[in-house]
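Have a look at the structure below before the remarks.
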Amino acid sequence: MKRIIVLAAALALIAAACGSADADTTTTPEPATTAAPATAAPVETTAPPTTTAPAETSPPETSQAGATVAVASSPLGDILVDSEGKTLYLFLPDEQGDSTCYDQCADNWPPLTAAITAGDGADATLLGTATRTDGAEQVTYNGWPLYYFAADAAPGDTNGQGINDVWFVVTAAGESIQ
């Protein structure tokens, strides 16, 4: 009888341990706007893991020969977008200079690295480029290197707005909307 009680207790402990492990692996990820803790280093954890963004969310301009930066209306105001209407962002640590977003950061925030033209509402005099450490030319606007957010799946998405208080959409004047 004592063996049965000990065996039942051991099985209960194993079942409880497995149950909590299963709960951890089936938890639904948080939305992109809250995925990174506020105390995390912005460059390393500014966005959710790349597994939360479907592969098709990668912006096409990062591999095309040319792209257009234009201005579109959004719930946040008039913001910069690419030729397909995908939102463009700036990263405050760049301080209107060279990009500081590489490795995991660049996986979550792909840089806009195409030959560029000014579209509707964009000021051609604010367009430029900055050389990344890999030699690619990243598009800048008013000195700010421009990025996409990997979790923006559709034109007009602004899921990256305000992440870690360092990622923001860009106005037609080349300023952040905070």
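Step by step: first the residues of region 153-166, then only those that are surrounded by fewer than 24 Cβ atoms within 10 Å (Cβ to Cβ) and hydrophobic (A, V, I, L, M, F, W, C), then the one that is farthest from THR68 (Cα to Cα). Which residue is that? Within region 153-166, the match that is farthest from THR68 (Cα to Cα) is VAL166. ALA150 meets the conditions (1) in contact with a strand residue (DSSP E or B) (Cβ under 9 Å, 6 or more places away or on another chain); (2) buried (at least 23 other Cβ atoms within 10 Å of the Cβ) in every case but one. The failed one is (1).
Pull up region 70-84, narrow it to residues that are assigned to a loop (DSSP other than H, G, I, E, B) and in contact with a strand residue (DSSP E or B) (Cβ under 6 Å, 6 or more places away or on another chain), then point me to the one that is surrounded by the fewest Cβ atoms within 10 Å (Cβ to Cβ).
Going through the qualifying residues, I end up with LEU76.
FYI, it's all coordinate maths here, none of it is from the lab. Computed from a predicted model, the values in this text were never measured in an experiment. Cβ sites come from the backbone with ideal geometry, for glycine too, and all protein chains shown count toward neighbours.
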